[in-house]
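Only one structure is covered here, and it is reproduced in the block below.
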Amino acid sequence: MLDSKRVLVVAAPFYRDIADMLVQGCVDRLVEAGIEAVVTEVPGALELPVAIRIAADGGGYDGYVALGCVIRGETSHYDTVANESARGIMSLGIDRGLAIGNGILTVENAGQAHVRADPTQKNKGAGAADACIALMGMRDGEAPRRDSSFLPDSEHIQMAGTAMPRDV
């Protein structure tokens, strides 16, 4: 069960307005699910997996959510930060079995970041919380969800060339 769970939300506030929206959406979703959210910050996206590893080594959390934003610039730095932060988080999940929701936005511009972070629009902070909740449940032996809440908003989903209603 997800009762009495505690999740560490680690945010990289390099783009403060984006990070704050991601945190809001994430924490709201965790609280709705009855999960205690503890929020902390690190300087940037590259520090997110390191912070999660340190916290996991210390114990006390059932899951983790990494939140931040990487906006493409004029140099290859974007590729390094986007790829290495994602790789670090994925490695922790696979190698250590941690339930981590990855909410690091990788976008072309600030406009895309705002739409994705805004809790009234795409609400990717809540999506990262949902991922963490699902992984904690699976780790705890709960059956995976069979509803369509993780599917994109559309009337039908195209799978292998066949239209399929959302409620299937």
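The values are calculated or read from the model by the stated rules, or taken from the named source; none is laboratory data. Please read these numbers as outputs of a predicted model, since none were measured by experiment. Using ideal geometry, Cβ is built from the backbone for each residue, glycine included, and neighbour counts are taken over all protein chains shown.
Residues that are within 26 Å of residue 141 (Cα to Cα), assigned to a helix (DSSP H, G or I), β-branched (Val, Ile, Thr) and over 15 Å from the mean Cα position of the chain (by Cα): does segment 38-55 have at least one? Walk me through how you get there before you give the answer.
Taking segment 38-55 and keeping what is within 26 Å of residue 141 (Cα to Cα), we get 38, 49, 52-55.
Going one step further and asking which of them are assigned to a helix (DSSP H, G or I), we end up with 49, 52-55.
Those left that are additionally β-branched (Val, Ile, Thr): 52, 54.
Subset that is over 15 Å from the mean Cα position of the chain (by Cα): 54.
Yes, segment 38-55 has at least one match.
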Practice item. Give me the pairs, please: first residue somewhere in segment 98-115 and under 30 Å from residue 57 (Cβ atoms), second residue anywhere and surrounded by fewer than 16 Cβ atoms within 10 Å (Cβ to Cβ) and not aromatic (Phe, Trp, Tyr), beta-carbon distance under 6 Å, and either six or more positions apart or on two chains. Key: 99/139
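Rundown of residues vs (1) in contact (Cβ under 8 Å) with a residue 24 or more places away in the chain; (2) farther than 20 Å from residue 139 by Cβ, yes/no style:
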| residue | (1), (2) |
| --- | --- |
| 9 | yes, no |
| 15 | yes, yes |
| 35 | yes, no |
| 90 | no, no |
Review point. Out of curiosity, is residue 68 closer than 18 Å to residue 6 by Cα, touching a Leu at 6+ places or on another chain (Cβ under 9 Å) and either among the charged types (D, E, K, R) or at pLDDT 95 or above (or both)?
Key: no
Study note, to complete from the structure: Note on segment 98-155: residues surrounded by 12 or more Cβ atoms within 10 Å (Cβ to Cβ), of a type in the set (Asp, Glu), at pLDDT 95 or above and part of a loop (DSSP other than H, G, I, E, B) are 118
Study note, to complete from the structure: Among residues of segment 1-44 being under 21 Å from residue 59 (Cα atoms) and basic (Lys, Arg), the residue surrounded by the fewest Cβ atoms within 10 Å (Cβ to Cβ) is 6
